[in-house]
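The values are calculated or read from the model by the stated rules, or taken from the named source; none is laboratory data. These numbers were taken from a predicted model, which means no experiment stands behind them. Cβ placement follows ideal geometry from the backbone for every residue including glycine, while neighbour counts extend to all protein chains displayed.
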Amino acid sequence: MAKVALVTGGSRGIGAAISKGLKEAGYTVAANYAGNDEAANQFKSETGIPVYKWSVADYEACAAGVKQVESDLGPIDVLVNNAGITRDAMFHKMTPQQWQEVISTNLNGVFNMTHPVWNGMRERKYGRVIVISSVNGQKGQMGQVNYSASKAGDLGFVRALAQEGARAGITVNAICPGYIGTDMVRAIDEKVLKERILPQIPVGRLGEPEEIAACVVFLAGDKAAFMTGATLSPNGGQFFS
Ligand code: CAA
């Protein structure tokens, strides 16, 4: 039987490419999303992948969402924690709300989603948890103290949980994408993107969402069984970790 994969933030940007990549690789896929109904419905009709709406920042909603997906599709074998937001501002201008929103989604969201699937994976002695962190969680980024902190937190989460999951056949890994051509990156001021960011990328271009999806498909597969607590860094050479 096909393995079941749940992708958070799975109907747009990198998440949409991950959902499609996993489907092409033979998984039964569910895509979670938080807000954009129009994009989610379009994604569903284009791909045939079912979409489920809840916020990863809300623990109870995550527990209920996981229950729903499992009753529709079967136990979740692969969880891809992809949902993430930015609220960029220089630290001296950053509001407590901008800090909280980013931590709630990007860091608490990873706990909120992984916790409800964890016991099932332990009982079945199989699981793949993949967390989409960021190059900016590795190196830090001006204008993103909140985001960098959340994404660095994700890496600590992965490295600790990998040690707990190992004996239960569960791998837990991170992917740290560099700057990928999605709405999130296109929202950056064009001058900042062209003059400050692109020159820092030796490959000389933004990444493609499919280049991140390929990493996810690898980590989700049986051949990645010996890789856990690891970080893949598809970033065009911007940062070596
Ligand atoms: N790299 C290098 N320099 C940067 C920079 C960056 N990413 N972002 C801003 N700067 C520089 C600016 O060029 C500017 O320099 P000068 O004063 O020499 O001109 C200085 O920092 C201040 O920037 P702004 O004038 O733009 O300040 P602001 O208060 O108007 O705006 C900001 C601040 C909202 C943070 C804006 O600069 C910005 O959006 N920067 C981009 C931040 C960024 O890289 N976000 C990544 C989003 S994509 C993502 O997060 C996905 C991922 O995982 C990689």
Would a scan of segment 47-69 turn up a residue that is touching a Pro at 6+ places or on another chain (Cβ under 8 Å) and β-branched (Val, Ile, Thr)?
yes
Filtering segment 22-35 down to residues that are outside any loop (DSSP other than H, G, I, E, B) and touching a strand residue (DSSP E or B) at 6+ places or on another chain (Cβ under 9 Å) yields Leu22, Lys23, Thr28, Val29, Ala30, Ala31, Asn32, Tyr33
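Scan segment 127-135 and give yes if some residue there is more than 14 Å from Thr86 (Cβ to Cβ), more than 12 Å from the ligand (Cβ to nearest atom) and over 15 Å from the mean Cα position of the chain (by Cα), otherwise no. Give the derivation first.
Filtering segment 127-135 for residues more than 14 Å from Thr86 (Cβ to Cβ) gives 127-131.
Next, from what is left, pick out any that are more than 12 Å from the ligand (Cβ to nearest atom): 127-131.
Remaining after also requiring over 15 Å from the mean Cα position of the chain (by Cα): 127.
Within segment 127-135, one or more residues are more than 14 Å from Thr86 (Cβ to Cβ), more than 12 Å from the ligand (Cβ to nearest atom) and over 15 Å from the mean Cα position of the chain (by Cα).
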Only one of Thr95, Thr47 is β-branched (Val, Ile, Thr), over 23 Å from Val216 (Cα atoms) and surrounded by fewer than 19 Cβ atoms within 10 Å (Cβ to Cβ), namely Thr95
### Message
Going residue by residue through segment 144-163, is there one that turns out to be β-branched (Val, Ile, Thr), assigned to a helix (DSSP H, G or I) and without any contact (Cβ under 8 Å) to a residue 24 or more places away in the chain?
### Response
no
Is at least one residue of segment 83-90 not in a loop (DSSP other than H, G, I, E, B) and not acidic (Asp, Glu)? no
Expected single match for surrounded by 16 or more Cβ atoms within 10 Å (Cβ to Cβ) and farther than 24 Å from Thr86 by Cα among Thr8, Thr28 is Thr28
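Of the residues Pro202, Pro177, only one is within 10 Å of the ligand (Cβ to nearest atom), at pLDDT 95 or above and not basic (Lys, Arg); which?
Working: Pro202 fails: within 10 Å of the ligand (Cβ to nearest atom).
The match here is Pro177.
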Leu22 meets each of (1) crowded, with 24+ Cβ neighbours inside 10 Å; (2) over 12 Å from the mean Cα position of the chain (by Cα); (3) over 12 Å from Leu79 (Cβ atoms) with one exception, condition (3)
The condition from (1) in a loop (DSSP other than H, G, I, E, B); (2) over 22 Å from Val7 (Cα atoms) that Pro177 misses is numbered (2)
Log entry, pairs with first residue in segment 70-87 being at positive phi, second being surrounded by fewer than 16 Cβ atoms within 10 Å (Cβ to Cβ) and not acidic (Asp, Glu), beta carbons closer than 9 Å, six or more apart or on different chains, reads Gly74/Met1; Gly74/Ala2
Conditions (1) within 21 Å of Val29 (Cβ to Cβ); (2) more than 9 Å from the ligand (Cβ to nearest atom) -> Gly237 fails only (1)
Subset of segment 187-198, residues near the ligand (Cβ under 9 Å from one of its atoms) and assigned to a helix (DSSP H, G or I), comes to Lys191, Val192, Leu193, Glu195, Arg196, Ile197
